[in-house]
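Participant: Before I ask anything, let me first share the structure, which is written out below as structure tokens.
We did not get these values from a lab; they are worked out from the coordinates using the rules stated. It should be emphasised that the depicted structure is a prediction, and the values quoted were computed from it without experimental measurement. Cβ coordinates were reconstructed from backbone atoms using ideal geometry, including for glycine residues, and neighbour counts include every protein chain displayed.
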Amino acid sequence: MLNSLKDIIKPGSEEEKLADQIDVSRLPQHIAVIMDGNGRWAKKKKLPRIEGHRAGTQSVQEVVEACARIGIKYLTLYAFSKENWKRPKKEVGTLWKLLEEYLKREDKELMKNDLKLKVIGQRREIPDRVRKELERVENLTQNNHRLTIVLALNYGGRAEILDAVKKILEGKKFNSSSLTENQFSQFLYTANTPDPDLLIRTSGELRVSNFLLWQIAYSEIWITQEYWPDFRRKHVLQALVDYQKRERRFGDVQSSS
Ligand code: IPE
Ligand code: IPE
Ligand code: MG
């Protein structure tokens, strides 16, 4: 059983049963999440879409806490894609505002719980006020070590790969015969972050929507029908139990044969 998690789950609950099945020696180091379905959650409740986003911040808090207690080292959350600018201006504005409020409210909690915040994506298009807040919290939490929360903001997987290629060409340090995959990875926004072991997508969509295209090459994928605002600690545990039943072969043959 995961010690620190035990403190917050009810004895005899479904969560406890799930937690008891988890082998702490084989936890994923990095979980990445496509937080999807806020709009449909709101629609189902006859609320404006933005209420789905607001409710989704509650799920973020719960999942962050669960991952920290379980002992996950990296949690990447896809919060705003480069393509999400296509949405109505009002929705986009409120999404950034919710993020700004979240940062102002949660900075002390991040410090208290030894959590580091890191942003990936093209920062320059992020509204100034939000970017400043993000950078303030990144600086504040830079020496924290328990769990790194990577927020993907104005993020696109193709843009990330193209940005890496541009940096490499500008640096003029590599030629086509010397560049390795490991060296290339160092030019991605995720340099020095291990690839996700587990990729979770909520709301049942079976696509990657331009998320971490390079890094998810061998990630295990877990999809749930739950909309993001309904996603809870229990679902993290379900995903972990399922993840540990899989055999990751990385192109090799079965370990027992
Ligand atoms: C995910 O929920 C949040 C963001 C993409 C910002 P959606 O807003 O995509 O919700 P659906 O997919 O329309 O239900
Ligand atoms: C992916 O969700 C982006 C985020 C979760 C931030 P979308 O709702 O934008 O993806 P599509 O449009 O359904 O592929
Ligand atoms: Mg969506």
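Participant: Using 0.36 nm per residue of separation minus the Cα-Cα distance, give me the extension gain between Gln58 and Glu247 in nm, one decimal.
Facilitator: Length gained, Gln58 through Glu247: 64.8 nm.
Participant: Let me ask you something else. Under 15 Å from the Cβ of Val165, count the other residues' Cβ atoms, weight Lys and Arg +1, Asp and Glu -1, and hand me the total.
Facilitator: For residues surrounding Val165, the net value is +1.
Participant: Where does the chain land at 222 nm, in deg cm²/dmol rounded to the nearest 500, when only DSSP H runs of n ≥ 4 count, each adding -39500 (n - 2.57), divided by all residues?
Facilitator: Mean residue ellipticity, 222 nm, calculated: -13500 deg cm²/dmol.
Participant: Next up: Report the far tail of the P(r) of region 1-53, meaning the percent of Cα-Cα pairs longer than 17 Å.
Facilitator: 60 percent
Participant: Skipping prolines and chain starts, which residues have an amide H placed within reach, meaning under 5 Å, of the one on Ile120, given they are 5 or more residues away or on another chain?
Facilitator: Long-range HN contacts for Ile120: Leu151, Ala152, Leu153.
Participant: What is the P(r) of region 148-257, as percent of Cα-Cα pairs per 5 Å bin from 0?
Facilitator: All Cα pairs, binned at 5 Å, distribute as 2, 9, 16, 18, 18, 14, 10, 6, 4, 1 percent.
Participant: A further question follows. With contacts defined as alpha carbon pairs under 8 Å and 6 or more residues apart, what's the relative contact order of region 10-105 in percent?
Facilitator: 31 percent
Participant: Right, another one. Exposed loop sites here are chymotrypsin sites (Phe, Trp or Tyr not before Pro) in DSSP loop states with at most 16 other C-beta atoms within 10 Å. What is the longest stretch of the chain lacking them?
Facilitator: 1-173
Participant: How long are the semi-axes of the ellipsoid equivalent to the chain, from square roots of 5 times the Cα gyration tensor eigenvalues, in whole Å, largest first?
Facilitator: 28, 26, 19
Participant: Can you give the Kirkwood hydrodynamic radius for region 74-218, in Å, rounded to one decimal and based on Cα pairs?
Facilitator: Taking every pair of different Cα atoms in region 74-218, averaging 1/r and inverting gives 16.6 Å.
Participant: Does region 70-113 classify as rounded, prolate or oblate by the C-alpha gyration tensor (a ≥ b ≥ c root eigenvalues; a/c under 1.5 gives rounded; else a/b over b/c gives prolate, otherwise oblate)? Don't jump to the answer; show the numbers that get you there.
Facilitator: On the way: a/c = 5.08, a/b = 1.66, b/c = 3.05.
Here region 70-113 falls in the oblate category.
Participant: Still on this structure, please answer the following. Give the cross-link partners of Lys17 among the lysines, using a straight C-alpha distance below 19 Å as the criterion and excluding same-chain residues fewer than 8 apart.
Facilitator: Excluding near neighbours in sequence, the set is Lys6, Lys234, Lys245.
Participant: Same structure again: Give the whole-number value, in cubic angstrom per residue, of the convex hull volume spanned by the C-alpha atoms of region 101-183.
Facilitator: 122 Å³
Participant: What is the distance in Å between the Cα centres of region 71-146 and region 8-57?
Facilitator: 19 Å
Participant: Suppose the Debye formula is applied to equal point scatterers at every Cα of region 23-116; what is log10 I(q)/I(0) at q = 0.12, 0.13, 0.20, 0.26 Å⁻¹?
Facilitator: -0.45, -0.53, -1.07, -1.42
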